[in-house]
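What follows is a single structure, written as structure tokens, with notes after it.
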Amino acid sequence: MSAVEVIGASKIFNQGKTQQVDALVDVNLTVDQGEFVSLIGPSGCGKSTLLRLIANLLEPTGGSLMVNNKTVSQARLDQDYGMAFQQAGLFDWRTVSKNIELPLELKGWDKEKRSARAAEMLELVKLPEFADLYPWQLSGGMQQRIAIARALAAHPPLLLMDEPFGALDEMTREYMQGELLRICGETATTVVFVTHSIPEAVYLSNRVVVMSPRPGRITSVIDVDLGAKRNEDTRAADGFFRNITAVREALRGTQADHASANAIRGLEDR
Amino acid sequence: MKILTRIKNILVPLSFGVVFLLLWEGAVRVFDLKPYFLAAPSKIFEQFTKNTSRIWDATSVSGTNALVGLIIGTILGIAMSFVLSRFSFLNQLITPLAISLNAIPIFVLVAVLNNMYSITSEIPRRFMVTLVVYFIVLVNVAKGLTQVRSTHVELMHSYAASDIEILRKVRVPNAVPYLFTALKVAAPASVITAFVSEYFGGLQNGLGSRITSNIANSKNAAAWAYVLGACLLGLAFYTVSIILEKITRKGETK
């Protein structure tokens, strides 16, 4: 059974109007259980749109999407996935543990079960002593770890992440990547991860999906052959650089398309 | 250290006030200013202590008008902001009306309202306060209910939360600080409105009317004593609004 199945999905904004944008055209993608897949590409390639289609936050204009062999709308109703964004998006008026409890509240869990799970999640992200603090008392990296704890609180089989480490500094970012791999390994969670960073995509992923804009589409899928166990040594390994080069070359293709498209239209938008 | 800065925070403004009053008193004595020009603080204080019960009566009349208007205006403002945030098309209908109503000078409305109700009625004044408070609360709370972070709304949608749940768990908590910002402005404004409304006829029992009648009788020091009462009333309203804010806020100061 595949965790995510995208079959011929399209998303057109402002269809039929002058500002029509073909955000995604005929996208096919299958993500297996326990797999870590990154979506990478220049701005406007539709990677965030694809993530939102999988999350059922947007309706596709064509094609179909399945999560755990259910329609995406059913998967959303069942809270089959957790989500994390570039901004941690914690609620300032809730303590750290109350933030983690939010999805459980909406599922109708009782209070004891909720706080037990929140404590368990805080152990998982190694921040148990911060339960009763408010989010603004935490650093950006800690806030993002709480956001991950919240996304995984209901133990969903799938985690959808939209540039979650984009606002963090390089050192915190690398630490968070290691932590994410550890957490997802311990919980056997499938991840679809949107990023701008090539090393980040290579370090984290089993497969890197390269996308290109106008119209948004998948141009290539690169298998990352770094094995299952990754650690800080991975970042210095030959295979790491070889994979980075492979992704970079795939991306360069999309940039060339981008440049020629501009040349044809006589535009310079960047 | 903390206690020291706290003492400093109280002592500096306090000593400034004392110095200001001494300069005032000194100026009146040295330049021999006549009481009809400027009353000395000592005379004002004398009048204040002599007329305490009368000033208290006038203060409670104006204070009650302000409080009634403040409470009704706040309740109506909150209720309307919920309606506005639910039906955004109403915003375009209500906003121009609110702006044009706010642009009318208060006294015009009070004069009209005084004609509508009997001359012994407090309703026109309370209605005026209600109106002023209503718009302050409405504008702020509506902003708090609608200007929520898009990440929060997307997150709630990803949990398949209903509109009611989003209202309860995101919009309302987000609007609470906006409500207290509104109250901090509305509380002193309600006192000023209650006070100014008394200048346009009706019962002669509040602070505003007492000040005009004392000035008309050349009792300047007594008029100033009523001004002092008005000052204390405004301060009391402001202080209460700040205390309410502190209680509800649970340490989320940035």
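Read-outs: derived from the displayed coordinates by stated rules, not from any lab. Bear in mind the structure is a predicted one, so any value in this text is a computation, not a measurement. Every residue, glycine among them, receives a Cβ derived from its backbone with ideal geometry; neighbour counts consider all protein chains shown.
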So, R0 is 51 Å and r is the distance between the beta-carbons of B:THR5 and B:ILE123; what FRET efficiency does that work out to, to 0.05? 0.60
Length-normalised contact order of chain B, Cα under 8 Å, at least 6 apart, in percent, tallies to 27
Which trypsin sites (Lys or Arg not before Pro) from the range A:105-145 combine a DSSP loop assignment with at most 16 other Cβ atoms within 10 Å? A:LYS107, A:LYS126
222 nm mean residue ellipticity, helices alone, for chain B (DSSP H n ≥ 4; -39,500 (n - 2.57); rounded to 500): -27500 deg cm²/dmol
Of A:LYS70/A:LYS98; A:LYS126/A:LYS229; A:LYS70/A:LYS107, which pairs sit farther than 24 Å apart, going by alpha carbon to alpha carbon? A:LYS70/A:LYS98
Describe numerically, in nm with one decimal, the distance between label points set 7 Å from Cα along Cα→Cβ at A:ASP78 and at B:VAL240. 5.5
With +1 at each Lys and Arg Cβ and -1 at each Asp and Glu Cβ, the charge dipole magnitude of chain A around its Cα centre, to the nearest 20 debye, comes out at 500
Between A:TRP136 and A:GLU35, what length in nm is gained on full extension when 0.36 nm per residue of separation is reduced by their alpha carbon distance? 33.0 nm
Mind checking the angle between helix B:52-86 and chain B's longest principal axis? C-alpha axes, 0 to 90 degrees, to the nearest 10. 20
Cα centre as origin, Lys/Arg/Asp/Glu Cβ charges: the range B:42-249 dipole, Debye: 280
Among B:VAL153, B:VAL129, A:VAL31, whose Cα projects farthest towards the positive end of the dipole of the protein assembly as shown, with charges put on the beta-carbon of Lys, Arg (+1) and Asp, Glu (-1)? B:VAL129
Where the only charges are on Cβ atoms (+1 Lys, Arg; -1 Asp, Glu), what is the dipole of the protein assembly as shown about its Cα centre, to the nearest 20 debye? 1940
Helix A:96-106 axis, angle to chain A major axis (alpha carbon atoms, nearest 10°): 80
Taking the convex hull of Cα positions in the range B:42-249, its mean projected area over all directions (nm²): 13.7
222 nm [θ] for chain A, helices only, -39500 (n - 2.57) per DSSP H run of 4+, per residue, to 500? -12500 deg cm²/dmol
Could you work out the mean count of beta carbons from other protein chains within 10 Å of each residue's beta carbon in B:152-165? 6
Straight-line reach only, C-alpha to C-alpha below 14 angstrom: list the aspartates and glutamates that B:LYS219 could link to, leaving out same-chain residues fewer than 8 apart. B:GLU46
Segment A:ASN28-A:ALA167, extension gain: residue separation times 0.36 nm, minus the distance between their alpha carbons: 47.1 nm
Positive end of the dipole of chain B, charges at C-beta (+1 Lys, Arg; -1 Asp, Glu), about the Cα centre: which of B:LEU228, B:LEU90, B:LEU22 has its Cα farthest in that direction? B:LEU22
For peptide A:92-100, the mean count of other chain Cβ atoms within 10 Å per residue Cβ is 3
How many percent of Cα pairs in the protein assembly as shown exceed 30 Å? 64
Between A:PRO164, A:PRO60, A:PRO128, find the one with the highest GNM mean-square fluctuation for chain A; connect C-alpha pairs within less than 10 Å. A:PRO128
Rounded to the nearest 10 degrees, the helix B:2-30 long axis (Cα) sits at an angle to the longest Cα principal axis of chain B of 40
R0 of 45 Å, Cβ-Cβ distance A:ARG242-B:ASP163: FRET efficiency to nearest 0.05: 0.35
If you take every DSSP beta bridge whose two residues both sit in the protein assembly as shown, what share of them, in percent to the nearest 5, is antiparallel? 55
If the reach is capped at under 16 angstrom between alpha carbons, list the lysines near A:LYS11, excluding any in the same chain fewer than eight residues apart. A:LYS47
Can you compute the FRET efficiency between A:GLU186 and A:ASP110 using 1/(1 + (r/R0)^6), with r the Cβ-Cβ distance and R0 = 22 Å? Round to the nearest 0.05. 0.30
